[in-house]
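K.L.:
Got a structure here, written out as structure tokens. Questions coming.
The values are calculated or read from the model by the stated rules, or taken from the named source; none is laboratory data. As the structure is a prediction and not an experimental result, all values here were calculated from the model. Positions of Cβ are backbone-derived with ideal geometry, glycine not excepted, and every protein chain shown enters the neighbour counts.
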Amino acid sequence: MKMTFRWYGEDDPVTLENIAQIPMMDGIVSACYDVPVGKEWREESINAIKTRAETHSLGFEVVESVPVHEDIKLGKGSRDEYIEVYRKNIKKLSAAGIRVICYNFMPVFDWLRSDLNYKNPDGSTALIYRESEISALDPNNSELSLPGWDSSYTKEGLRELLSEYKNIDEEKLFLNLEYFIRGIMDVCEQSNVKMAIHPDDPPWPVFGLPRIIRDEKTLERFLGIYDSEANGLTLCTGSLGCSAENDVPALIRKFGARKKIGFMHLRNVKITGERDFNETAHPSSCGSLDMYEIVRAMREVNFRGYVRPDHGRMIWGEVGRPGYGLFDRALGAAYIGGLWEAVNKSG
Ligand code: DNO
């Protein structure tokens with residue numbers, strides 16, 4: 001297992017020095033966040049991240065994300081051009097030493113929460129999701145701003161995009177994903193890069209938009225598109241684990257044994273109701289997931305990929321990017337590292 005930490009670049013209030021001081025840190029996870037979706041990344045920018053990380057003795061081998069253009073998800077005529085750009089980006093990243101690319105195939109919106117600053121009784125704040133609040137929102141109303149939303153959409157642009165999705169059901173979206181995967185796999189295999197799809201978060205449809213990477217059945221169907229180590233998963237415990245139907249350790253055992261997990265996001269969630277959950281601190285006692293069992297499953301399948309502590313709460317007065325502060329994620333990393341040492345030493 002290689003321990004990594006997400007870093008949003010020079011604007012991130014969390015510095016590379018902060019990250020390097022966390023025990024057991026092997027590297028960072030980052031991206032050229034300023035490049036619009038569907039454009040080529042510059043070699044110089046990729047290498048600059050790598051060089052900066054290396055000055056702190058951190059590796060840079062995982063990118064999160066290379067976003068997929070909506071035209072690819074919609075299956076529009078222009079998708080081939082965007083797939084061509086994606087292929088070029090894969091080659092450039094490989095040349096810079098990137099081994100895993102995390103991406104997702106969620107229409108329009110990435111991850112969603114109803115509240116980014118929910119106040120816990122202990123004074124910390126966390127990200128939470130309440131289905132009733134989300135379903136009461138009108139995504140056509142641009143006053144709304146949620147963490148996964150691409151703020152570059154204009155009101156009209158967003159409305160148009162949403163209307164294009166009226167014709168896209170789960171099946172069509174899946175076929176468009178299949179087309180994308182088939183369009184990039186040769187380059188991934190040649191350049192020794194693993195694609196690691198992130199599950200839909202939350203793993204159910206939002207705003208009537210289909211979501212197709214959400215449970216054992218859909219993960220299995222996805223992997224069936226193309227059987228190769230280059231076509232794998234980002235197993236995100238929190239995204240899958242906020243649905244009580246997903247047995248996360250069992251998913252790790254199943255897909256990990258087949259070497260389909262390239263990257264893991266480790267965090268805990270407390271399921272508070274049907275389609276409602278709170279993000280919590282990482283330890284098992286804080287949420288609904290058994291993190292010990294999760295790490296044990298990783299050990300059982302001899303997991304050799306990358307992990308990162310995922311979202312943390314905001315604690316100790318820290319101000320920053322919701323979910324991506326330093327302190328609680330660092331506690332998470334130390335906890336995960338401790339569990340990993342324990343399961344390894346106990347055989
Ligand atoms: C949220 C992240 C996601 C993830 C993308 C991958 O915190 O886990 O935004 O980066 O879905 O493409």
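K.L.:
What is the residue count in segment 319-341 for residues that are hydroxyl-bearing (Ser, Thr, Tyr) and under 16 Å from the mean Cα position of the chain (by Cα)?
P.N.:
At the first step, the residues of segment 319-341 found to be hydroxyl-bearing (Ser, Thr, Tyr) are 324, 335.
With under 16 Å from the mean Cα position of the chain (by Cα) added as a condition, the list becomes 324.
Of the residues in that region, 1 qualify.
K.L.:
Which condition number does TYR226 fail, the rest of (1) in a helix (DSSP H, G or I); (2) more than 23 Å from PRO322 (Cβ to Cβ) being met?
P.N.:
(1)
K.L.:
For segment 303-347, give me each residue that is on the phi > 0 side of the Ramachandran plot and without any contact (Cβ under 8 Å) to a residue 24 or more places away in the chain.
P.N.:
TRP316, GLY317, GLY347 - these are the residues of segment 303-347 that are on the phi > 0 side of the Ramachandran plot and without any contact (Cβ under 8 Å) to a residue 24 or more places away in the chain.
K.L.:
Looking at segment 153-173, can you tell me whether even one residue there is within 16 Å of the ligand (Cβ to nearest atom), more than 18 Å from GLU64 (Cβ to Cβ) and at pLDDT 95 or above?
P.N.:
Yes, segment 153-173 contains at least one residue that is within 16 Å of the ligand (Cβ to nearest atom), more than 18 Å from GLU64 (Cβ to Cβ) and at pLDDT 95 or above.
K.L.:
Let me confirm something: among SER191, SER163, which residue is small (Gly, Ala, Ser) and without any contact (Cβ under 8 Å) to a residue 12 or more places away in the chain?
P.N.:
SER163
K.L.:
Can you pull out every residue in segment 320-340 that is surrounded by fewer than 21 Cβ atoms within 10 Å (Cβ to Cβ) and either at pLDDT 95 or above or not in a loop (DSSP other than H, G, I, E, B) (or both)?
P.N.:
Hits for segment 320-340 are TYR324, PHE327, ALA330, LEU331, ALA334, TYR335, GLY337, GLY338, TRP340.
K.L.:
Now a separate question. Taking the condition at pLDDT 95 or above and crowded, with 19+ Cβ neighbours inside 10 Å, does PRO309 pass?
P.N.:
Values: at pLDDT 95 or above: yes; crowded, with 19+ Cβ neighbours inside 10 Å: yes.
So PRO309 passes the test.
K.L.:
Within segment 119-130, count every residue that is farther than 26 Å from THR154 by Cα, within 16 Å of the ligand (Cβ to nearest atom) and not hydrophobic (A, V, I, L, M, F, W, C).
P.N.:
Adding up the residues that qualify gives 1.
K.L.:
Which condition number in (1) surrounded by fewer than 14 Cβ atoms within 10 Å (Cβ to Cβ); (2) without any contact (Cβ under 8 Å) to a residue 40 or more places away in the chain; (3) closer than 30 Å to PHE180 by Cα; (4) out of contact with any Leu (no Cβ under 9 Å at 6 or more places or on another chain) is the one that ASN140 fails?
P.N.:
With respect to (1) surrounded by fewer than 14 Cβ atoms within 10 Å (Cβ to Cβ); (2) without any contact (Cβ under 8 Å) to a residue 40 or more places away in the chain; (3) closer than 30 Å to PHE180 by Cα; (4) out of contact with any Leu (no Cβ under 9 Å at 6 or more places or on another chain), ASN140 is out only on (4).
K.L.:
For segment 282-306, which positions are surrounded by 22 or more Cβ atoms within 10 Å (Cβ to Cβ) and in contact with a Ser or Thr (Cβ under 9 Å, 6 or more places away or on another chain)?
P.N.:
Correct list: GLY287, LEU289, MET291, ILE294, TYR306.
K.L.:
Could you check PRO249 against (1) within 27 Å of GLY224 (Cβ to Cβ); (2) assigned to a loop (DSSP other than H, G, I, E, B); (3) in contact (Cβ under 8 Å) with a residue 40 or more places away in the chain and say which number it fails?
P.N.:
Result: PRO249 fails condition (2) only.
K.L.:
Identify all residues within segment 263-302 that are without any contact (Cβ under 8 Å) to a residue 60 or more places away in the chain and of a type in the set (Asp, Glu); write none if there are none.
P.N.:
ASP290, GLU293, GLU300
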